[in-house]
Each structure stands twice: as C-alpha cells, then as structure tokens.
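The structure under discussion appears below in the form of structure tokens.
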Amino acid sequence: MSTAAVSQRKTKDPTVAVSERSTAVGKAIRYLILIVSLAIILMPVYVLFVTSFKDASQVSPARTWYLPTSFDLTNWRNAFDDLYPAILRSLSMVIPSSIISAMLGSANGFVLSRWRFPGANVVFTFLLFGMFIPYQAVMIPMTKVMVASGVEKGIPLLIFLHVVYGIPITTLIFRNYYESVPKDLIEAARVDGAGMLRTYFSVVLPISIPSFVVVLIWQFTAAWNDFLFALFFGGSSQQGPVTLALNELAHGSILQDYGASMAGALIASVPTLIVYIALGKYFVSGLMSGSVKG
C-alpha cells in the first residue's frame, strides 16, 4: 500500500479525527486561559499608563478606564525631574550590592559544595535561615544596633544591608550549581597542583556565568524594589533610593498628583524592565543549569 493511501486511510479514521479535535480544543482552552491571564496582569499597567497622561480634571474613579482627551507629557516631565536624582542613587546602591553579594555567594557556594570542612552542613543550614527571617522581624533590633554603632543612614548602609541579606539566597543558588559541576574537573585541577583559590578563579568561576546572571537579576530586582530598608535606613527622600522618592511624589502634598504618581511608577520600573529584557532569556536556563548533575 502506498504512503498516500495509508495517509488517506488515517485521516478517515474516526478515532484519529476525535483525537485531533480534542487536541485542537485543548490548545484553544490553553490559549484562552493565557489570554485571560495576560489581560488581568496588564490591567494595572493599562491604568497606570493612561492615567499618567491625564491632568487633574480627568482623574476620577468613574473615568479610570477612559483614554485621556489629549496625551500630555507634563506628568512625565515632572515625575522624571523629581525622580532622576533618586534613580541615580538607586543605581549606585543596587549595582555594587548585587555584584558584591553575587561574588560572596559564589565563593561560599564553592567552598560548601566542593571543599568540605567539619560542620559545613551546619554552617549552610544557618545561612539558609536568613532566607526565612522576614525583614519586619529584625527591623527594630537592627535599628537599635545601627543607632548604637553611630552608623549614618544612607546609600552605603543600604548597600551593606542588601549584601548581607543577599548572601543566603546567592549561596544557595551557587551551591546547587557547583554541585552539578563534574568532580573530574575539580580533581584534574588538583592533580595539576592548583589550590582552592586557583581552582576557583581559573576553573570554576569562568563556567559560573549562568548562575551569576540569575543572582544578579534576583539581587538587582530585590534591592531596586525594596522599600522597608529604604524607609528605615535610607535617610530622607533627598538621600534615599527611588522608592522613597516615589513615595514622596505620591504622598508629598495634600492634593495628590495622580498623573505624576502614575508616570513616576512607570519610570521607576524601567531599569528592572531593561534588566529582564536584556538578560531574561538567560534567567530560566541559569536556574535550570544546576538542577541536573553532570
């Protein structure tokens, strides 16, 4: 029987037809669920965007979903002028804190995964406790410690805090990744006479790019969006990061400028959006890179 005849026979088979219809219906349902979920997620973004172009006379609950009568950039200019210095301060905070915590987490993960020492598992367990302690639980005692130590509030203190609180998650990610590195690679370096530091810098660090991407995205987003640490330890809105400045923009006067607040929220989200657009495709692959041992 020819190939064409077999193909024609299969297309006339009722079982095959029912299976194809079921597959088509399943795909349609999945796409429908995705579209509905996307619409729900984008609704707040739509409200932010259209409100950012409205003047005070057009902002009201009854007109939330309406488009502005004219697209005026005044709100965007005012918000950018107010937030620009704070954005620079936030960048000066999140970039070094992300890099430092990533490097410390990488070193910790390497030592805890490949250079075992007595009590290594206990140390790792205590490090992980830091992931489960909420910020709110330590805010008051931490404030007392900082006041007693005479440490000034501001960006340097926030860098230190984000580095410390980033170590547990960065250590976990790197440890899991380094567990998947073939042992033969480490043993070969030892045979060649490389010590711990030489093995780390010459062998392990160059193959750690996927995990570094994951950690940097994670830490950048966490530090950029943080408000609680900024509120307690960032100083005034003229000294702190963009989250404090955005809060001041939204609640700094009796008559709130909703249009400028919405524009400011969108402007403040641009850096994290750029990071995810630039590195997002490496994020999932980096998370999965340590899930299977080689």
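The table below gives the values:
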{"item": "Residue match in the stretch 63-77 (condition: open to solvent by 40 Å² or more (accessible area, probe 1.4 Å), touching a residue at least 12 places away in the same chain (Cβ under 8 Å), touching a Ser or Thr at 6+ places or on another chain (Cβ under 7 Å) and of a type in the set (Val, Ile, Thr))", "result": "no"}
{"item": "Single residue of 88, 32 found to be more than 30 Å from residue 268 (Cα to Cα), at pLDDT 85 or above and either β-branched (Val, Ile, Thr) or out of contact with any Ser or Thr (no Cβ under 8 Å at 6 or more places or on another chain) (or both)", "result": "32"}
{"item": "Residue 152, sole failed condition from (1) acidic (Asp, Glu); (2) open to solvent by 70 Å² or more (accessible area, probe 1.4 Å); (3) under 16 Å from residue 208 (Cβ atoms)", "result": "(3)"}
{"item": "Criterion: surrounded by fewer than 17 Cβ atoms within 10 Å (Cβ to Cβ), in contact (Cβ under 8 Å) with a residue 60 or more places away in the chain and over 18 Å from residue 212 (Cα atoms) - qualifying residue of 85, 134", "result": "85"}
{"item": "Test set (1) in contact with a helix residue (DSSP H, G or I) (Cβ under 7 Å, 6 or more places away or on another chain); (2) part of a helix (DSSP H, G or I) - residue 151 fails condition number", "result": "(2)"}
{"item": "Count of residues meeting criterion [open to solvent by 40 Å² or more (accessible area, probe 1.4 Å), in a helix (DSSP H, G or I) and farther than 13 Å from residue 166 by Cβ] in the stretch 112-127", "result": "5"}
{"item": "Filter result for the condition that a residue is in contact with a helix residue (DSSP H, G or I) (Cβ under 8 Å, 6 or more places away or on another chain), assigned to a helix (DSSP H, G or I) and surrounded by 13 or more Cβ atoms within 10 Å (Cβ to Cβ), over 49, 53", "result": "49"}
{"item": "Hey, residue 279 crowded, with 21+ Cβ neighbours inside 10 Å, in a helix (DSSP H, G or I) and modelled with pLDDT under 90 or not", "result": "no"}
{"item": "Failed criterion for residue 173 (all others in (1) at pLDDT 85 or above; (2) part of a helix (DSSP H, G or I); (3) over 20 Å from the mean Cα position of the chain (by Cα) hold)", "result": "(3)"}
{"item": "Answer from 197, 231 - the residue that is among the aliphatic types (A, V, I, L, M), open to solvent by 50 Å² or more (accessible area, probe 1.4 Å) and closer than 15 Å to residue 107 by Cβ", "result": "197"}
{"item": "Matching residues in the stretch 113-131 - criterion: being without any contact (Cβ under 8 Å) to a residue 24 or more places away in the chain and either of a type in the set (Lys, Arg) or under 30 Å from residue 88 (Cα atoms) (or both)", "result": "116"}
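The values are calculated or read from the model by the stated rules, or taken from the named source; none is laboratory data. Values in this document were obtained by computation on a predicted structure and should not be read as measured data. When we count neighbours, we look across all protein chains shown, and the Cβ atoms used for this are built from the backbone with ideal geometry, even at glycine. For the accessible areas, the whole protein counts, side chains as well, though only heavy atoms, and no ligand, DNA or RNA atoms are used. Shrake-Rupley method; radii C 1.70, N 1.55, O 1.52, S 1.80 Å.
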